[in-house]
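Enquirer: Right, I'll just put the structure down here and ask away after.
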Amino acid sequence: MRPMLRQRPPRTLVLVGLMGAGKTSIGRRLAARLGLPFVDADQEIERAAGCSIPEFFERYGEPAFREGERRVIARLLDQPLQVLSTGGGAFMDADTRALVRQRAHSIWLRAELDLLVQRTARRGNRPLLKDSDPRETLRKLMELRHPYYAQADITVDSGDRPAEDTVDRVVESLQAYLDNEADTQIPETRSQPAAVQS
Ligand code: S3P
């Protein structure tokens, strides 16, 4: 039996991590396991822009992409409970991080460099890896971004194993996180404090 959550997560689940970490693939499966809708922020950006991400980078440049990404993610975080996978750069934005912290639970899918290189080589749809040595670029991005991803609520290693096994780990870590959160919540005041006599 695959692990399941004992309760509905109280907030949207946001997947963060580098290109090739498996955010979309794991996110889609996680959503199916939990019976939640799945949305991919990059696909939403493409839909809103009416072009692919490589085309967007070419036509408008990276800063415009980041601006659009921030707006689209803010809109998606306004929607009801869902699983949301984000592009690798999204969590670098301070506003996005703050919004995710406020409205969602974040899950960092962490993967080794070799695996990221291998997975991103399968498709040529990443503008940041187009004109450079992909391994070197990914290595630098790891250095730069890992401290930010590490701010996520949960970290799960996304190794070279069947995707459903990684989903198992996400579900188990999420359950532990939610249990811990419930334990540390300040208990509600059950009775009214006595009126202060003046
Ligand atoms: C990017 C990652 C991509 C996409 C864009 C920029 C990044 O998404 O948003 O190419 O800055 O790491 P994936 O992480 O889904 O590949």
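The values are calculated or read from the model by the stated rules, or taken from the named source; none is laboratory data. Source: prediction; values computed, not measured. Ideal geometry is used to build each Cβ from the backbone, glycine not excepted, and the neighbour counts take in all protein chains shown. For accessibility, only protein heavy atoms count, side chains too; no ligands or nucleic acids. Shrake-Rupley method; radii C 1.70, N 1.55, O 1.52, S 1.80 Å.
Enquirer: Evaluate E = 1/(1 + (r/R0)^6) for GLU172 and GLN79, where r is the Cβ-Cβ distance and R0 equals 25 Å; express this FRET efficiency to the nearest 0.05.
Expert: Values: r = 26 Å, r/R0 = 1.04.
Result of the calculation: an efficiency of 0.45.
Enquirer: Please work out the Cα convex hull volume for the range 95-167 and give it in Å³ per residue. Don't jump to the answer; show the numbers that get you there.
Expert: Working: hull volume 8.5 nm³, N = 73.
Normalising the Cα hull of the range 95-167 by residue number yields 116 Å³.
Enquirer: Then there's this: Take TYR148, TYR60, TYR177 and sort them by solvent-accessible surface of the protein heavy atoms, 1.4 Å probe, largest at the top. Write down the numbers at each step before the final one.
Expert: Values: TYR148 80, TYR60 125, TYR177 55 Å².
Of TYR148, TYR60, TYR177, the descending order of accessible area is TYR60, TYR148, TYR177.
Enquirer: Sum -39500 (n - 2.57) across every DSSP H segment of at least 4 residues in the chain, then divide by the residue count to get the 222 nm mean residue ellipticity, nearest 500.
Expert: Calculated from helices alone, the mean residue ellipticity at 222 nm is -16000 deg cm²/dmol.
Enquirer: For the modelled label position 7 Å from the Cα of GLN118 along Cα-to-Cβ, which residues of the range 159-179 have backbone nitrogen atoms closer than 12 Å?
Expert: 159-162
Enquirer: So, one more: Pairing the Cα long axis of helix 94-103 with the longest principal axis of the chain, what angle in degrees results, from 0 to 90 and rounded to the nearest 10?
Expert: The helix 94-103 is inclined about 40 degrees to the chain.
Enquirer: Probe 1.4 Å, all protein chains in place: accessible area of THR155 in Å², nearest 10?
Expert: Answer for THR155: close to 60 Å² accessible.
Enquirer: Report, by chain and number, residues whose modeled amide H sits under 5 Å from the one on LEU81, excluding near sequence neighbours (fewer than 5 apart, same chain).
Expert: none
Enquirer: For an R0 of 22 angstrom, estimate the FRET efficiency from the Cβ-Cβ distance between GLU62 and ARG103 and round to the nearest 0.05. Before the final figure, lay out each step's value.
Expert: Numbers: r = 25 Å, r/R0 = 1.16.
That gives a FRET efficiency of 0.30.
Enquirer: Something else: Between rounded, prolate and oblate, where does the chain land on the alpha carbon gyration tensor, with a ≥ b ≥ c its root eigenvalues, rounded for a/c under 1.5, else prolate if a/b exceeds b/c? Kindly include the intermediate steps, with their values, before the conclusion.
Expert: Details: a/c = 2.13, a/b = 1.61, b/c = 1.32.
Since a/c reaches 1.5 and a/b is larger than b/c, the shape of the chain is classed as prolate.
Enquirer: Continuing with this model, one more query. Roll a 1.4 Å probe over the protein heavy atoms and report the accessible area of GLU58 in Å², nearest 10.
Expert: 150 Å²
Enquirer: Mean separation of Cα pairs under 8 Å and 6+ residues apart, divided by the residue count of the chain: what relative contact order is that in percent? Working shown, then result.
Expert: Working: 255 pairs, mean separation 62.1, N = 198.
Taking the mean separation of contacting Cα pairs over the length of the chain, I get 31 percent.
Enquirer: When the accessible area of the range 74-136 is split by element with a 1.4 Å probe, what percent falls to carbon and sulfur? Don't jump to the answer; show the numbers that get you there.
Expert: Numbers: 1460 of 3160 Å².
Carbon and sulfur: 46 percent of the exposed surface of the range 74-136.
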